[in-house]
């Protein structure tokens, strides 16, 4: 993760990184508190479920403190800029913000772009400066998993959509963040020596699968299959646990999965299925925008604004897919930022891939402490 060094202190060989208790108080610092609260708000949907969060403007207060603290960290640690991932991340954010300021048509969307990216940038700076040990990293992931568990529970109670949340009210979104947590919950369950933590990870695992089935998102279903296979692949020689995963999945499908199975069955209809044909049409519009503006695209978040111009009334406004959305992030990114924006994004991805290779090959018990 960025410059999240495995400048983290390597634990002694006899020391267990996955503690027998939930966390050490010495692991907690201001940065972890700020990012942890952000996870609760964004992935846990606290500002949707608990009205007081918005009433007292806690998200705004959190964002303000995060930006101020990130600014302080930058001033006191200028050496952070020598790391490739940080430079490329900031270049990516700067390019998007400047281009959005120049070209985004909707003033509201332009303001949203600025505030959201400012928060994400602050979070990045805070994480790479404040997460220094394996136990701190585990603590932060634990908070993330607990946040997703909270939103998954409420989405399950509301029939697969979290209507209280702005973005998790979409069944695709809640399904994808839930399946994202499955490999983490599975691996942490196997590595933890704490029975209490094992129960928590198991609870996460069960709710992540359940909410995906209840939401009946086809994209979520495919992601669920991929996450389950990845979990099995990451931990070999655990036949009973793999069998346990399969049994849990089958039982949940039997109990909750009639709608889910029906939705998955529509995949075989291919382009003949209603939403599939409309989405192919929406992707085609994105490609038309790209062909007309191949170098810099039509501008960040301008797909919606330029949609009527390219659609020319071909998509029936009564159709359920008529939302001026591409339903494909890569297609939308290509249409809105063109070749230059895509290259800027790929530069950042290349750094993240190199970081992953360093982490993959690094012996956590080695005396060396490579910086990413």
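Here are the numbers:
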read-out: Some residue of segment 51-58 being within 16 Å of residue 121 (Cα to Cα) and modelled with pLDDT of 90 or more; value: no
read-out: Selected residue (only one of 190, 129 is touching a helix residue (DSSP H, G or I) at 6+ places or on another chain (Cβ under 9 Å), part of a helix (DSSP H, G or I) and modelled with pLDDT of 90 or more); value: 129
read-out: Test result for residue 135, part of a helix (DSSP H, G or I), out of contact with any strand residue (DSSP E or B) (no Cβ under 6 Å at 6 or more places or on another chain) and modelled with pLDDT under 90; value: yes
read-out: Selected residue (only one of 102, 75, 61 is closer than 21 Å to residue 132 by Cβ, exposed (fewer than 13 other Cβ atoms within 10 Å of the Cβ) and either out of contact with any helix residue (DSSP H, G or I) (no Cβ under 7 Å at 6 or more places or on another chain) or at pLDDT below 95 (or both)); value: 75
read-out: Checking residue 331 against (1) farther than 20 Å from residue 94 by Cα; (2) modelled with pLDDT of 75 or more; (3) surrounded by 14 or more Cβ atoms within 10 Å (Cβ to Cβ); (4) over 20 Å from the mean Cα position of the chain (by Cα), the condition it does not meet; value: (4)
read-out: Failed item in (1) closer than 22 Å to residue 298 by Cβ; (2) in contact (Cβ under 8 Å) with a residue 12 or more places away in the chain; (3) surrounded by fewer than 18 Cβ atoms within 10 Å (Cβ to Cβ), with residue 108 passing the rest; value: (2)
read-out: Those residues of segment 24-53 which are touching a residue at least 40 places away in the same chain (Cβ under 8 Å), in a loop (DSSP other than H, G, I, E, B) and surrounded by fewer than 20 Cβ atoms within 10 Å (Cβ to Cβ), in sequence order; value: 24, 28, 29
read-out: Residue among 113, 123 that is crowded, with 17+ Cβ neighbours inside 10 Å, touching a residue at least 24 places away in the same chain (Cβ under 8 Å) and within 12 Å of residue 300 (Cβ to Cβ); value: 113
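The values are calculated or read from the model by the stated rules, or taken from the named source; none is laboratory data. Bear in mind the structure is a predicted one, so any value in this text is a computation, not a measurement. Because the Cβ atoms are built from the backbone with ideal geometry, glycine has one as well, and the counts that use them run over all protein chains shown.
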